[in-house]
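Below: one structure, written as structure tokens.
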Amino acid sequence: MNADAARSTSGVALPIPIEELLLQRYEMLMLDCLYDFGADHVEVGATVTARHPLVDDPRGLPAWVGIELMAQAVSVFSGLELRARGLPLRIGLLLGARAYEARVPFFATGAQLKVRAVLALRDASGLGVFDCTISEREQLLARGRVKGYMPENIDQFLESGAHG
């Protein structure tokens with residue numbers, strides 16, 4: 001799929017179901033929709049609902065969960081790349097987050113968040129670094145740098161002990 005052909009300029013979600021781009025399911029699927037993507041970025045949506053197990057109603061979703069929202073945005077980026085090549089989704093590993101800064105202690109219940117991930121660095125092994133932001137109505141709520149790794153074969157990687 002041509003990344004430039006599938007862009008939302010009006011803030012309306014694109015017609016690609018988020019479940020086709022992520023392996024997470026049930027409560028761990030924290031994203032709702034895809035707003036925008038290109039060769040070096042992705043923007044997705046997440047609605048904070050009171051029924052989610054991590055939400056402390058009435059305060060909302062703890063801001064530290066923003067790292068997971070960012071990691072899922074990166075997974076969507078990878079999912080779109082794999083989809084464009086006709087390949088199935090693969091498991092990716094969150095290696096860490098740097099300089100994560102939340103400007104609020106909680107993302108409010110009912111908030112419609114936009115999570116943006118911009119590719120900063122990638123190598124041939126599958127290691128990627130993304131600069132990420134979380135905002136609501138153009139107000140920056142959190143930012144950070146997420147590092148992930150997507151091995152060609154997760155089972156081989158885990159059996160090899162290369163991770164430890």
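Miscellaneous remarks
- The trypsin sites (Lys or Arg not before Pro) found in region 64-126 that occupy coil by DSSP, while having at most 16 further C-beta atoms within 10 Å, are 85, 90, 103.
- Sequence-distant residues sharing a close amide H with residue 104 (under 5 Å, placed H): none
- Per-residue Cβ neighbour rank within 10 angstrom, fewest leading, 150, 30: 150, 30
- Site-free segments of the chain were taken between GluC sites (Glu not before Pro) in DSSP loops having at most 10 other Cβ atoms within 10 Å, sites themselves excluded; the longest one is 1-137.
- Computed on the Cα trace of the chain, the radius of gyration divided by the Kirkwood hydrodynamic radius gives Rg/Rh = 0.96.
- Approximate spin-label separation residue 40-residue 103, in nm, with each point projected 7 Å along Cα-to-Cβ: 2.3
- For residue 147, the shell of other residues with beta-carbons less than 12 Å away shows a net charge of +1, using +1 for Lys and Arg and -1 for Asp and Glu.
- A straight chain from residue 23 to residue 158 at 0.36 nm per residue would run longer than the Cα-Cα distance by 46.8 nm.
Any read-out appearing in this document is the output of simple, stated calculations on the displayed coordinates, not a laboratory observation. Predicted model only: the values in this text are computed from it and were never measured. Cβ atoms come from the backbone with ideal geometry, glycine included; neighbour counts cover every protein chain shown.
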